[in-house]
Each structure stands twice: as structure tokens, then as C-alpha cells.
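Please read the structure below before turning to the comments.
Please treat every number below as a calculation from the coordinates, not as lab data. Because the structure is predicted, anything quoted here is derived from the model rather than measured. Neighbour counts are summed over all protein chains in view; Cβ atoms, including those assigned to glycine, are modelled from backbone coordinates with ideal geometry.
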Amino acid sequence: MEKIITCLWFDKEAEDAAQYYASVFRNAKVTAVTRAPGGGEPHVTQGAVLTAEFEIEGRAFVALNGGKVDFSFNDSISFQVMCDDQAEVDEYSSKLTADGGREVQCGWLKDKYGVSWQIVPRIFPRLIGDPDPAKAARAMRAMMQMIKLDIATLEEAARG
């Protein structure tokens, strides 16, 4: 077991969310579902899903059915998906915005559960970290105008 595991709090959608994330990413799977044994909390039905564990690219997550509360996912926490090419940017953007998700800006999006994701081409940190500050600034300005990041446009902007 990993030392640090990301836990995502859901009302009753933990198993559905784990299955969803396992379907979005190429190297992902649901690894365990824990059900209520009964005899515990009176409001928890025996056999109800308590947690669903899943992995994405070898990183462990737990989806917890914690019940309805007064907080929800927000942009202060997000997951970056580093993409090798435009096809991968397009694929993850499309999959994560399906069924009620939405694109936000600058490569950010929210999935149907409200979890924030950043879909980032691997080349982007190099473009904005270019030793030529003018090139880096042009790439940054171009990114700030985008919803979904476009690699060709970012490279063209950096070149000037």
C-alpha cells in the first residue's frame, strides 16, 4: 500500500466514480470495493458501498461514500494529466467532459463529479520555461487565451 493515497469524497457515487475514472484512463483499474458489513451505523445499509479503490497510472485513489455534506470539490485541488501529443490532450479533454463535465480555461476542466483536472501537453512547461523570456511570454499569452490547450498554436506563438 502506498504511503499517501488521494481520497475523494462522494455522497453515494463512489463505485460509479471509480468505474468512470478507470474507463477514462488507459492504464487504470478498479482494485477493490468495500461494502458495509452491517451492524455498524444504523443509517448504513448492509452491503452498501463504503469505498471503491482504483489506480490511475499506478497512483492509488479511494472513492469514499461519505454522505451528503455542505462541501464539494473545488479548484483549490486539481489533477494534472501530462499529455504526449494533441491526440492525447483531445482524448482526455473529451472523456473527462463527457456526461456533464465542462471545459473551463487554460487547459482546466471539471468532470461530471466536479473534480478539477488540468490537461497539459508535456511540451508546455518547456515553452514557458524557455531561456528566451520573449518566447516564454508569447507561449504564456497564447495559453491564457485558450480553453483546451493546442500544441501547434502554443509552439507557433513561442516562435513568434
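Here are some notes:
- Residue-averaged [θ]222 nm for the chain, counting only DSSP H segments that reach four residues, each worth -39500 (n - 2.57): -9000 deg cm²/dmol
- Nonlocal amide H pairs with D130, under 5 Å, H built at 1.01 Å: A136
- The H on the amide N of V81, modeled in the peptide plane, is under 5 Å from the matching H of Q118, I119, V120, each at least 5 residues off or on a different chain.
- Peptides 8-14, 97-103, 65-71, ordered by how many other C-beta atoms sit within 10 Å of their residues on average, highest first, read 8-14, 97-103, 65-71.
- For the chain, with +1 on Lys and Arg beta carbons and -1 on Asp and Glu, the positive-most of G160, V49, L8 along the dipole: G160
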